[in-house]
Every structure is written in structure tokens, then in C-alpha cells.
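The structure appears right after this line, and notes come after that.
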Amino acid sequence: MISLLHTADWQIGRVFSQFEPDDAAALFEARFKVVELLAGIAAERQVDAVLVAGDVFDLQTVSDKTIRRMFNAMQGFAGPWLLIPGNHDSALSESVWSRAQRLGAIAPNVVCCLEPKPRTVAGKFTLLPAPLTQRHTYGDLTDWFATAQGEEGLPRIGLAHGCVQGILSEDIDSANPIAAGRAAQARLDYLALGDWHGTRQIDERTWYAGTPETDRFRANDSGQALLVTIAEAGAVPAVEPIRTGQFAWQQLEPRLAVPSDIDELVEKLERVGSGDVLQLRAQGACDLGGHNRLGAALDAARARARALVWDGEALRLDPTEEDIQALHADGFVGEALQELRAQQGDADAELARDALLTLARILDAQGPARTGAGA
Amino acid sequence: MKLQRLRIENFKLFRAPLEIDGFTDGLNLFAAPNESGKSTVAEAIRAAFFERHRSSAVEHLRPWGESSVTPTVELDFELDGKPCRLTKAFLGKKRCELVIDGKAMDGAVAEDHLAALLGFRFPGKGASTPEHMGIPGLLWIKQGTSHDIAGAVGFASDHLRNALGESLGELASSHGDAVLKAVESERNELLTPSAGTPRGAFADAIRLRTDLEAELERLHADIEAYRSGVDRLSGLRRDHQRDEAARPWAALREQLVVAQQRLDEAKGLNDRKNAQDAVLKQVAAQVNSWRTQLQAMEREEATVVLRQRNLQAVHEGLAKALGELQAWEPRHAAAAQADAAARENLRAARQAASRIAQERAVESLAEQLAALVQSHEKARSEQDKVSRLQAEAQALAVPEGELKQLQRCADALRTAQARLDAVATALEFELQPAARVRVAGIELSGSKRQTVIARTDIEIEGIGRITVLPGGADLESLAIERDRARDEIAALLQSLRAESVAAVEERVRLQALRKGEAGAAEAVLAALAPKGLSALAADIAMREARLAQARQVLQNMAPAPAAGAAVPSSAQAESEESAARAALEAASAALNDAKIAAGNAREQVRAAGDELAAVKATLDDPMRASRKVEAGAALTDALAQQSALQDKVAELAQQLQTVNLPVLAQDVERLERSARQAEATHSQRANEITRLEVELETRGALGQEEAASEKQRELEHAARRCTELERRAKALDHLLKLLREKRSALARRLRAPLQKHLDHYLQILFPGAQVEVGDDLSPGRITRQGLRGAQSGDFAELSVGAREQMGVVARLAYADLLKEASKPTLLILDDALVNTDEERLRQMKRVLYDAAARHQILIFSCHPDVWRDLGVVARNIP
């Protein structure tokens, strides 16, 4: 019986540019942390090997420090790590792998399979790796699996990075194609795939592990690794998803129309915690009071969440009479305010709304002074 | 408010009390000369209201010199329909009493009450200043201040705003303005006030974004370069491995060896052929020489005959030459003789000719001499004639002056005589034949006329004597004159030794004649002897000498030939001589030629003879025959050898053609080069690979893609910030504009009533004009219809006159406004329109008349005539 930890798409070195610097830094860090976590799980579960199915690095020319840190993070597990290059980190004549080699950062138990040659791993199974060695690959690199001979009696494990044809992509000209049914055709006991960032089963012997730490807002069941147990050569593998992701990425598009909608949203925001990476795109309309409440809730949530992106451009401001009363905007200021309200229906609604908010803010700031002077 | 009665006492120049009453409701015109106190009246009214009765700053109200009196002002007026009396006394016995509708007040209470009613206030201490004077300060125009309105409006603005219904602080000091200011300051943090270009944090954000974009671009370029480097490395490595396996240069080297061999073979063939060619050439040469030798021998044999013939020919030639020579010799001698004769002839002819010439010369010389002598004679006679004539002329000479004088005297005499005759008494006689008359002793007869100038006796025989005594005083003098003239003439004639004037004249004439003749003679003389007689004589002498000489020569010459001897002309002799000479020359030349020819011919004969002998000698050589045979044999051998060799060479040449040596050589060169290049390329590529590896290693270590991602993140962050600031700036800008717009609209609305009143008066003064009310409620921008269209200008830019008018007009508008707010409005114009011209003043009168319907207006002026058409009688200050 062999047990393997199947993971992929670590995307080490990815910079998250849509967030604030500190949030982006934390998310950059998280990617190393999850590798440490995987090492921990591997050691704890005493797996026979860890398979990393491509896109280990997000870029070819990551800094030396990043390279070293990644390999350092793998120290937690002393067993074999088997890595293949994906499309982001393909094994070109000069690549991040050759750099890592020169740096001497690769520990002996870490094997970077840069050539499509079968190897026996720890005498326990035969690994058939399909590394990407070109900038753009258009052929099926797993073709040779069927003809590859391994040791008699040992399970055959395939390790590849690409797009399963007919299931994930309809386009036959897509890059890195992998034939559907490759596992059966090549008599593999298990085919460990990477490139699709969500955990996904293709068939009973073919799985995508997905990225162990979510890295985008598309809801696709990422943040996991797979523990694969194969009783013996020929047996159907048992696959157990293990949660590894630290952060939950969420994309919300709340529609606001009535004050209760705002209340709902505020409530949701109150529940936001340190593990949340949130993108909010609001639509509809709200009054000034509601806008203020929303603003306060967002500020609070931003401080708690790992990262929060708010897009309120499509939100219309509809100040109520109470709002206006509360502002004590009379005389020409009041007239200006009314006009801005009306302008929100025109071509430059966004400008009108911004001006309206600005006026509300200034009036608010002056509020205490005014009420003292006597209306 | 309507003033009714005024009384002032001990006030400035009014020591005695002054009372004015009978104020009317509308216009009250006070016209008085300067220094009559009209301003003092205005001042009294001002003091009564503005100065506290307890004020000690009012010393100036006392009459000059009076230091103890009490200036007093008493005013009866109507306020809101209620009768009021105000009595105020300053300095001495201070007092203030106010009775309104029967109710009395006094002191400070009364003063304050009045101030509240009229709209002014009192200073803390000291004299009242304009800032306290409020509404009356605005409406009671002090002398010379009507054009200066903004200040007064300012001090009354609270009242005016109240009248407009503006709540305090609505516009000017309201929180609306605070909002506006806040918006403006926030906007100006991000945009420049004037142009609205980004500044401050906004500008910085834009700059940062631009910088980051540039940096990112650079990074991308580097990354691109790195990537293409990596791709190139792949390519190079691929090529290198391929070549390492295939080793193309090895094959090339093998081919090279083969080619070299073939080349060497071909070269060998070529050498052999060349050698054979050389030998062939040698043999050919030998053949030629043998052949030549044989030919020469044969030629020799042929020569003998030729030579013999030659000898014969030249013999003949010699004979001919000698013949010619003989012919020419006699001819030459004859020619020489002829030539000598001709020469002799010529000499004789020449001699004769020269003699004749000389004879002729002598003749001519003699002629010339004779002529000259003759001339000389003539000249001499002429010379004498000239001298004679000149002497005569000299003798006849009459000095110029004297002649003239003579003539003059003659004239004078004539004149005198004539006058005398004229004046003189004339006596006419017609005598009978028998009569005997004597006049002055002279007998007369016949008819006669006579003049007498002196006492003259006429004796008539038998009758007696008549004495004529001509009258005329002049007669005496005339007679004297005549006598004098006569005497003078006589004297002159004597001096000239002439008989009469006519004689003198004749003399003069003769003199001239003689002079002329002398001149003519001189001319002739000059013609004959231009250079003078002596010169002529000298010339003659010279010629005589020459003649003698020539004669001598002639004598020495040879005698003339005998007459009859035929002397040929020299010309003919000359031609004969030259012909003879020519003939001689020709003959000489021919003779010479003949001699030479003969010599040559002899020479030729000799030579021909020698040649013949030589040839004969050669042919007689015994060895010759054997040599000939030998040469024949050798020639045959050589020919055979030659043909053999030629065959061989042809064979070799054919072989060579098939081989094509140049192409083989090129093959070797080509293959050599290719091999070398292949090897070089391979090693160069190896170097390139090494270099590229090193470069990429270094580059890769820079971690550029990670850096680029990081920079991208920064850029997005900066872009977001820019967008945010931009939106903020735009919103503030938009808001600011909107607030300002609303504010102006509101201001305009609020001031509408004032605007209306101003417009009402403005149309009378400047039809079609418009005035803007400023924020401080004083007149601002004025737009008038001028000759050249609408002109717009600030109030301050108007002329003093126009500002004066506008000042009054504005105040009337304020008064209307205040009246609507039930405030008291008394207007005082103290010499308020001094800078206004007649035309404008007309308009102002209309304005004032109109306003007077609503307000009491007091007008003080020192030009009563100007206000005659105001509709009200001017009053004096009593």
C-alpha cells in the first residue's frame, strides 16, 4: 500500500496587485506557509511521497530569496518530493529550475523531474512525469505514458500539468492538452494533475488537486490537497481532500434598494474575520444615512479582514428629506444639494454623487459649529 | 422723518440765534453764498443727533473766541407722524431734552432712544465718527463726500440688510459661506485656483503613477530581453548538440583529401606536357637554322650573275657622266665672259648718268641764287620805302589830343558864332546900286545880311551914321567866348604849324595814308624776306658757297663721252648685267653637278668590280660543297624528330583537357574553407553558449519578473489613488461651481428690491444703463449705452462727476428701501453736485424731484441760479 499527498499550482512568488501593500504581502507570505503546512501534513500522515503537479513557481525570474524560501518550506517532510514544471515555470534552457540548481537550494529528497523519463520512487512505485519544457506546449506530453515500462508489480503513477480535453475545454487547440482517459489508456493506477486551481475529480483514477491556498476570486473549491491511498497495483485509489487553505476568498455583489438591504450587508460585514479575502461590488441606491452606515461597516470590516476590496461606483445616492434636514443645508447650500440629487439622473451621475457625498461630509463636519451658532 | 423748525444759538458763526422754520415736506432749497453758514446749519443738525450732550469733544461748535457759551440746537420734527422736539445744549449748560408726542425724555436715555429710532449709535467716548453714524451718516451727505459711498454704505449695511429682509449672516457671514470656504480650500488643495490643474497630493500621485509606468515598462523590456535570451540559448544548445553528433567538418575533410589527390594528379600531367613543349621548341629551332643555312648557300650562287650585270651597267653610267662634263665646260667659259662685258657696260652708263646729274645740280643752284639776289634787291628797296613812308608819317603826325581839341574848339567857335549870330542883331541890307553904305568901315553893296554884336556904325553916305547898339548882355560874353575860341584855334594851328583845321585834318589823313603805305611796304618786305634782310643776305652767301662747291665737283668729274657714242641707259645696263650674272651662275652650277656625277660613277664602277671579285672568291672555296651536303642531312633528321614530338604533345594536351585543372583547384579551396568554417562556427557557438549562460544566470538572479509583479502592484495602487484623487477633485470642483452659482442667484434675488429702486433712478440719469449691486450693497459694475455701444466699468472707474451723481442716486435708492422698511429717511445734500455739468444736473433735478415725493430733502447750494428750475423757491440763511 502506498499513500501520496497530491498537490499542485503553488504559484510561489505571485504578487496580488489588487490589494493594499500589507494585504498583498500577507497573501504572498501565505503561499510559503501553506507549503510548510503540506510538509507538516505529509510528515504527520507519513506519506510515501508528495507529488506537486506543476506551476510550483508563478514566474521564472522570482528572486533568489523566494527560491530558497520555497525549498526551505519543504524541510518539514524528509520523504521524497516529486515536482514537475508547469506552464508558468516550464523547464526552458534557462529556467527557475536551473537557477535553483545553481543556488544549491534543492535538498536531496526533492526531485525536480525535468525530463519525461519514468523513475522508481523509493522502490515503491513508478512515477511517469510529463514536465513542460517549452514556453508554449501544444502537444499532449502524456502520450509516451502508455509505452513506458516500469518495474513489475509496482503501481504506475502519472504526474502531469495541463487541460483534460473535452472535459475542461472544448477547444482542441488549447495549450497543454491531456487526453481524457489517459489513466486507463496508459494503465496508470493514478494520474495526478495540475493547472486547474480547484479540487476536481475527472475519473476514478484522475484528479486535479487544485491550489492548496486559494489565489483568486472564482469560486472553485480550492485551498485543498489530496491524500491518495492505493492498496496495491491495480486497485482503485482512495482519495481524501484535506483542507489546507488559510484564507477564504469571496466575491459579493449586493443589490441595495431599501434600508433593510443595507442592514443585511452591514450584518454580513460584521461577521467578516481575519481569514476573509473579500470583494464587494454594490449596485442599486441608498440614502445618505445608509451610505454612512455602510461606510462605517466597511471601515470596520477592512480592519478585520485579511483584505477587502470595495467597489461602490454603481451605487446611487438618494438622500431622503430626513437626510437633508439632518444636514441643516438651507439657503443656497440646500439648493445646491437638491440640484446634485437631480443630476444623478443625468449623464454624469457619478460626478453628482461624489459631489453630493462631499457636500454631506463637509456639512456634517461643520454640523456642531452650526447648531451652536443658532439657525 | 420731516424736519419742521430749526433754531441754533451760540453755534459757530451764529452767535445770535438763528431760526429757520417753514420746512416743507419734499424739497427744501437753501441757496446762500460761501461763508454764510449753510454748512453750519447742516453741521448743527448733525451735532444735535450724533454728539452726546455730555461730550467734551465738541469745542469746535463754540463760536470762535467764546469760551464759555453754550452752543444750543433745537429741532422740531415729525417722526412716524408724531411731533417731536429735540433740544440739545453742549459744553456750558449741558442739556438734552426729547419730547415725542408729549412724552418727555432727557439725557442719555433720550439720546439712545433717538439713535435707535433713526438707526445710528454713539461712540464710547470722544467725537462721533462715520462708523457710528449709520443711516443718517449715509443719507446726510457732507460736503464733498457724495462720490464716496462704499464706506457709508458699509456703516449702514446692517440696517440695509435688515430692510432687505436678509437675516444676519445669511449671505455675508452665514454658514453657507463657511461651507463654500471649506469646499474651496479642499478643492484648492488638489487643483490650482485659476487653471484647475492638478497640484499638491493629486499632482504627486499623477507623477508617481507616471514614474511607475515608466519603470514597469523598463522592467518589462528587460524581462522580454531575458526571455528571448533563454529562447536563443535553447536554439543554440540544440544546434550545438546536433553538430556535435553530426560532425559535418569531418566529412568535409575527407572530401578535401580526395580532391587534393586528384588535383595533384592533374598537376603532374600538366608538368609533363610543359616539358615536352619545351623540347619541341628546341627541335623546331634547329630545323629552322639548318634550313636557313642551305637557303643562304643557294642564294650566293645566284648572286654572281647579278654582280656581272651590275658592273656593266655602272660602266655605261660612267661614260655618260664624262660626256656631260665635257659639254658643260665651254659653256661655262662663255657665260663668264659675257658677264664681265655686261659689268663694264654698266659702269660706263652709270658714270655718264652721274655727270649729267651734277650739271643739272649746278644749274639749279645758280638759278636759285639769282632769284634770291633779286629778292634781296627788292627787299632792300622796300625797306627804304618803308623808312621813307614812316618818316613822312611821323612828320605829318598830329598828336591825337590836339586834333581833338582843335576840333572841339572849332565846334565851340561855330557854336559861339551861331549863338552870337542868333542873339546878335541882324542887319539886312538891300541896297540900291547907287547906295553907299559902310558898316563898321566896310562898304557894302547888293543884298546882304549881317549880324552885329557890338556897337556898329553904319554909315550911309549922304545920310549920316546909324549906330547899332545890339542889346543883350550875353552878347559881350558870347563875343568873348567866340573870340576866345578863335584865339585858341589860332594858337593851336600855330603850334601845329598848320593853316587851318581842315589842313590839320588833311595832315592827319595823309599821315594815315602814309602809315598805310608804310604798312603795305612792310608786308611786301616781310614776304620777300621773312626772316629779315640780313638773314636773306646770309642765305645768299651760303648758296653762293654751295654753288662754287658744286662747280668744283663737276670739274673734277670725268669728261663727257664723245657725242654720238651710244651710251646705254643705266637701267638697261643693269638689267643686262644681272641677266649675265644669272646665266653665269647657272652654268657654274651645272658644271659642278656634272663633275660630281662623274666622280660618283667612277666610284660605283670600282665598287661593282670589287663585289664581283669577292663573290667569285667565295664560290671558289673547296670546303663549300661538303658543307652543303652536311646541312641537308641534318635538316632531314631534325624534321623527323619534330614530327614525333608533336604527336606526343598533342596526346598529352588531349588528356589534360578532360581533367580541367582550374576547377579541381577550386574544389580543394572550397572544401578547405568549408571545413574550416564549420569548425570555427562550432567553437564560436560553444563560446556564445557559455557567454549566454553566464549572462542569463546573472540576469535571472535579479528576480526581475517578481520585481515587475511587485512594481505592477505598486502601479495599480498608485493608479487607484490617482483615480480616487481625481474623482475627489472633480467632485469638489463641481460642488464649488454649483455652490457659487447658487449663492450668486440667491444674492441677486435678495437684493432685488434694492436693485429695483436703483434701476428706477438710473433710468432717469443714464437711460438704458444697468448697475450691479455688490456684496457690500454699494454700487458695483455699471454698464451704460455709450456712443460706441455698451461700456462696462467698475463704480470706482467713473469720473468724479459721474460718481457724485451715482452717489446721490444710490442714496435715494437706499432711502426708498429704508422707507419701505419704515425707517426715517431725511436726506441732506450739502453742495453735493459741484462736479456735475449742466446736462447731467438737469437729469439730477428730475431725479430729486421724483424722490422728493417720498422723502424730505434739504439741498444746500451756493449756486441758486442753477436750481431755479427745481420747482421750489430758494431760501436764504437769515
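In nm, to one decimal, how far is the B:Ser683 label point from the B:Gln261 one, both placed 7 Å along Cα→Cβ?
With each label point 7 Å from Cα toward Cβ, the separation is 2.8 nm.
May I ask you to compute the full-extension gain from B:Ala523 to B:Lys648, defined as 0.36 nm times their residue separation minus their alpha-carbon distance, rounded to one decimal in nm? Present the calculation step by step, with values, prior to reporting the outcome.
Working: separation 125, 0.36 × 125 = 45.00 nm, distance 13.14 nm.
Extra length from B:Ala523 to B:Lys648 when fully extended: 31.9 nm.
Restricting things to alpha carbons, tell me how big segment B:516-669 is in terms of Rg and Dmax, in Å.
52.6, 141
For segment B:205-286, which GluC sites (Glu not before Pro) are both in a DSSP coil and crowded by at most 10 other Cβ atoms within 10 Å?
Values: sites: B:Glu213, B:Glu215, B:Glu217, B:Glu224, B:Glu244, B:Glu254, B:Glu265; in loops: none.
Sites meeting the loop and neighbour criteria: none at all.
Would you please give the FRET efficiency between B:Glu630 and B:Glu300, computed as 1/(1 + (r/R0)^6) with r the Cβ-Cβ distance and R0 = 25 Å, to the nearest 0.05? Mind showing how you got there, number by number?
Details: r = 16 Å, r/R0 = 0.65.
Computed FRET efficiency for B:Glu630 and B:Glu300 comes out at 0.95.
Using 1/(1 + (r/R0)^6) with R0 = 51 angstrom and r between the beta carbons of A:Arg271 and A:Asp143, what's the FRET efficiency to the nearest 0.05? Each step should come with its number before you reach the end.
Details: r = 50 Å, r/R0 = 0.98.
It comes out at approximately 0.50.
Take the alpha carbon atoms of segment A:62-107, find their center, do the same for segment B:112-139, and report the distance between the two centers in whole angstrom.
93
Taking θ = phi - 60°, what integer Hz values does the Karplus form 6.51 cos²θ - 1.76 cosθ + 1.60 yield along segment A:297-313, in sequence order, with x for Gly and Pro?
Ordered by residue, 3J(HN,Hα) equals 4, 4, 4, 5, 5, 4, 6, 7, 6, 5, 7, 9, 10, 10, 10, x, 5 Hz.
If I take R0 = 60 Å and measure r between the Cβ atoms of B:Arg350 and B:Gln312 in this structure, what FRET efficiency does the formula 1/(1 + (r/R0)^6) give, to the nearest 0.05? Could the numbers behind the result be given before it?
Details: r = 59 Å, r/R0 = 0.98.
The calculated FRET efficiency here is 0.55.
Please report, in cubic angstrom per residue, the volume enclosed by the convex hull of the alpha-carbon atoms of the protein assembly as shown. Can you show the working numbers first?
On the way: hull volume 911.5 nm³, N = 1253.
Convex hull volume per residue, Cα atoms: 727 Å³.
In nm², what is the average projected area of the convex hull enclosing the Cα atoms of chain A? Could you put the intermediate results ahead of the total?
Values: hull surface 92.8 nm².
Result: a mean projected hull area of 23.2 nm².
For segment A:300-334, list residues with backbone N below 20 Å from a point placed 7 Å from the Cα of B:Glu741 toward its Cβ?
Only A:317-319, A:329-334 fall inside the zone, counting backbone N under 20 Å.
Within segment B:263-304, name every residue whose backbone N is under 12 Å away from a label modeled 7 Å from Cα of B:Gln641 along the Cβ vector.
Only B:279-290 fall inside the zone, counting backbone N under 12 Å.
Take every DSSP beta bridge whose two residues both sit in chain A, then give the antiparallel share in percent to the nearest 5.
If we restrict to bridges inside chain A, about 30 percent are antiparallel.
Which ³J(HN,Hα) values, rounded to whole Hz and listed in residue order, are derived for segment A:329-342 from phi using the Karplus coefficients 6.51, -1.76 and 1.60 in 6.51 cos²θ - 1.76 cosθ + 1.60 with θ = phi - 60°, glycine and proline given as x?
9, 10, x, 6, 5, x, 4, 4, 4, 4, 5, 5, 3, 4
Hey, rough spin-label estimate for B:Gln368 and B:Gln655, points 7 angstrom out along Cα→Cβ, what's it come to in nanometres?
Here the answer is 12.0 nm between the modelled labels.
Treating only the Cβ of Lys, Arg, Asp and Glu as charged (+1, +1, -1, -1), what charge dipole size does chain B show about its Cα centre? Round to the nearest 20 debye.
On the way: 120 positive and 129 negative charges, 295 e Å.
Taking the Cα centre of chain B as origin, the dipole is about 1420 debye.
Find how many whole Å separate the alpha carbon centroid of segment B:79-108 from the alpha carbon centroid of segment A:216-250.
105
Quick one: Cα centre-to-centre distance for segment A:316-361 and segment B:285-301, in angstrom?
Taking the Cα centre of each part, segment A:316-361 and segment B:285-301 sit 139 Å apart.
Of all beta bridges DSSP finds with both residues in the protein assembly as shown, what is the antiparallel percent, to the nearest 5?
Working: 74 of 131 bridges.
Looking only at bridges with both residues in the protein assembly as shown, the antiparallel portion is about 55 percent.
Once both labels are modelled 7 Å past Cα along the beta-carbon direction, what's the B:Arg95-B:Glu35 spacing in nm?
It works out to 3.3 nm between the two label points.
Pairs to check: B:Lys378/B:Lys531; B:Lys281/B:Lys628; B:Lys38/B:Lys819; B:Lys38/B:Lys82. Give those whose C-alpha atoms are more than 23 Å from each other in this structure. Don't jump to the answer; show the numbers that get you there.
Working: B:Lys378/B:Lys531 15 Å; B:Lys281/B:Lys628 25 Å; B:Lys38/B:Lys819 27 Å; B:Lys38/B:Lys82 27 Å.
Long pairs (Cα-Cα over 23 Å): B:Lys281/B:Lys628; B:Lys38/B:Lys819; B:Lys38/B:Lys82.
Determine which lysines satisfy two conditions relative to B:Lys711: a Cα distance under 19 Å, and not lying fewer than 8 residues away in the same chain.
Reachable lysines: A:Lys65.
What is the average number of partner chain Cβ atoms found within 10 Å of a Cβ in B:724-737? Walk me through the numbers before you get to the answer.
Details: counts 0, 0, 0, 7, 3, 1, 6, 11, 5, 2, 9, 12, 3, 2.
Partner Cβ neighbours, averaged per residue: 4.
Can you list which of the DSSP-assigned H helices in chain B have a Cα extent of 27 Å or more along the long axis and an average Kyte-Doolittle score of at least -1.0? List each step's numbers first, then the result.
Working: long enough: B:200-246 (69 Å, -0.77); B:248-396 (158 Å, -0.59); B:400-423 (34 Å, -0.50); B:473-496 (35 Å, -0.11); B:501-528 (40 Å, 0.45); B:533-556 (35 Å, 0.13); B:570-619 (74 Å, -0.11); B:623-659 (55 Å, -0.15); B:661-700 (57 Å, -0.82); B:704-750 (67 Å, -1.11); B:800-820 (30 Å, 0.20).
Correct list, ordered by number: B:200-246, B:248-396, B:400-423, B:473-496, B:501-528, B:533-556, B:570-619, B:623-659, B:661-700, B:800-820.
Once you have the Cα-Cα distance between B:His113 and B:Thr698, take 0.36 nm times their residue separation minus that, and quote the gain in nm to one decimal. Can you show the working numbers first?
Details: separation 585, 0.36 × 585 = 210.60 nm, distance 9.68 nm.
Extra length available between B:His113 and B:Thr698 comes to 200.9 nm.
Figure the gain on full extension for B:Gln791 and B:Glu329 (residue separation times 0.36 nm, minus the Cα-Cα span) and round it to one decimal in nm.
Extending this stretch completely gives an extra 151.9 nm.
Could you tell me which residue out of B:Ala586, B:Ser381, B:Asn876 lies farthest along the dipole of the protein assembly as shown toward its positive end? Charges go on the beta carbon: Lys and Arg +1, Asp and Glu -1, centred on the Cα centre.
B:Ser381
The numbers here are math on the coordinates, done by the rules we state, and not lab data. This one's a predicted model, so the numbers in the text were calculated from it and none came from an experiment. Counting neighbours? That spans all protein chains shown, and the Cβs are built from the backbone with ideal geometry, glycine included.
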